[in-house]
1. Sort out which residues of the range 228-251 are among the charged types (D, E, K, R), in a helix (DSSP H, G or I) and surrounded by 18 or more Cβ atoms within 10 Å (Cβ to Cβ), and write them in order of number.
2. Among the residues in the range 203-210, are any in contact with a strand residue (DSSP E or B) (Cβ under 7 Å, 6 or more places away or on another chain) and either open to solvent by less than 50 Å² (accessible area, probe 1.4 Å) or not β-branched (V, I, T) (or both)?
3. Among the numbered criteria (1) in contact with a His (Cβ under 9 Å, 6 or more places away or on another chain); (2) at pLDDT below 95, which one does V321 miss?
4. In the range 1-57, how many residues are open to solvent by 30 Å² or more (accessible area, probe 1.4 Å) and away from the ligand (no atom under 16 Å from the Cβ)?
5. Which residues, counting only those in the range 93-124, are part of a helix (DSSP H, G or I) and of a type in the set (S, T, N, Q)?
6. Out of curiosity, is L72 at negative phi, within 16 Å of the ligand (Cβ to nearest atom) and either over 28 Å from the mean Cα position of the chain (by Cα) or at pLDDT 95 or above (or both)?
7. For the range 143-181, enumerate the residues that are modelled with pLDDT under 95 and buried (at least 24 other Cβ atoms within 10 Å of the Cβ).
8. Out of the range 274-301, which residues are open to solvent by less than 30 Å² (accessible area, probe 1.4 Å) and part of a helix (DSSP H, G or I)?
Amino acid sequence: MKTIFILTSGGDAPGMNAAVRAVAKVAAAQGVRTVGVLDGYDGLMDGRFRELCQPTDRGLAVIPDLDTAGSLGGTLIGSARSARFRTPEGRQHAIARLSAAAGLIVIGGDGSLTGAHRLAHECGTPIIGIPASIDNDIGCTATAIGVDTALNTIVESCDRICDTAISHRRAFVVEVMGRQSGYLAMASAVAAGADAVLFREQARSAEDIIRTVAQTIRTAFESEVGKRRVLILKAEGVDIPCTSLVRRVEEELQPVLPGVEIRATVLGHLVRGGRPSFQDRMVAARLGRAAVVAVLRGESDQMVSWLQPAQGGQPTEDPSVFRYPIERVLQESRALLDGSSPVTKWRVKMMSEVSGVLGL
Ligand code: ADP
């Protein structure tokens, strides 16, 4: 019986389980068995596997937690970062484990896709990537598994923080994950009604940031409108730590707004966990299906991506799902992070256009 191997790798993202479930079910519908590789590339090299779904004469033999896992965050089959897999010797062990497989599906971020690309070059087994990263920092796709859930968590956290901020007339600086990419901060700032947003791609000096935050708070609390809260979203990639930022802004404002209360909240790993949203489950299921189709056609070194249906383009079976060579994806991911991508330029331009009115 044909067997598809599947692994989750790198940073976990809500919706990974939904993708694993979709792959197992869609493969089973084709009479194909799915085996989960435990703990990413480490488990692949060591041969640590778990049967997920196998068509039998009496129907499907499915592990009991597969159906319920689809609605859980994290990853049922475990994830890991593997230094060994970066070496050709390590990858030789992985190649040996895949010799009888119909294909390997890798669910993960930029690093995991880089690993998949290397492996695809060295191995005859079809390898297909599925983008999963809460940071939305993967090229050639409008979203990755986990982004929508992370944004919903941030927006809900900000709404809760604002309840208490309004009650006490306080300012809050809320830091969200995104060392390289400020997407989560930008997108959630708009949805949460933030007064300002700080992200690495703005390339601002610490002094400029402190001045901007102080001015935003001063304008809000001095204004005749009588604002009762200030919300500032900060991406993790902005070098100045949250607590230092708050201390410096308080010092700056002391002469003009004595007693002003500013608090820092770092959401950190809270944003990674939680039940996947409908959108993440739906995207995961459709990308999972497309990955199985691609593997069974013998395609390799490709990533399935989620994009707006092309206007007037060649229709596919699923109009929102496309396939790109992983090499192109990795090039675009680099451009997203170094700022040369039109997508990053557009994001920064859009945020700078509204920066003057965010706090109104
Ligand atoms: P993410 O997939 O979330 O970006 P990482 O960057 O940590 O997470 O990458 C996950 C794993 O992918 C790494 O631990 C490593 O095993 C593998 N990987 C990353 N880059 C490479 C590379 N250049 N060559 C081979 N494997 C890589």
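1. Of everything in the range 228-251, just one residue is among the charged types (D, E, K, R), in a helix (DSSP H, G or I) and surrounded by 18 or more Cβ atoms within 10 Å (Cβ to Cβ), namely R248.
2. As a first pass, look at the range 203-210 and keep what is in contact with a strand residue (DSSP E or B) (Cβ under 7 Å, 6 or more places away or on another chain): 209.
Adding the requirement that they be either open to solvent by less than 50 Å² (accessible area, probe 1.4 Å) or not β-branched (V, I, T) (or both) leaves 209.
Checked against the condition, which is being in contact with a strand residue (DSSP E or B) (Cβ under 7 Å, 6 or more places away or on another chain) and either open to solvent by less than 50 Å² (accessible area, probe 1.4 Å) or not β-branched (V, I, T) (or both), the range 203-210 yields at least one hit.
3. Just one mismatch for V321, condition (1).
4. Summing the residues that are open to solvent by 30 Å² or more (accessible area, probe 1.4 Å) and away from the ligand (no atom under 16 Å from the Cβ) in the range 1-57 gives 15.
5. Matches in the range 93-124: S112, T114.
6. no
7. Result: G178, S181.
8. Answer for the range 274-301, where residues must be open to solvent by less than 30 Å² (accessible area, probe 1.4 Å) and part of a helix (DSSP H, G or I): D280, V283, A284, L287, G288, A290, A291, V292, A294, V295.
The values are calculated or read from the model by the stated rules, or taken from the named source; none is laboratory data. Computed from a predicted structure; not experimentally measured. Backbone-built Cβ (ideal geometry, glycine too); neighbour counts: all protein chains shown. Areas reflect the complete protein model, heavy atoms only, side chains present, ligands, DNA and RNA absent. Shrake-Rupley method; radii C 1.70, N 1.55, O 1.52, S 1.80 Å.
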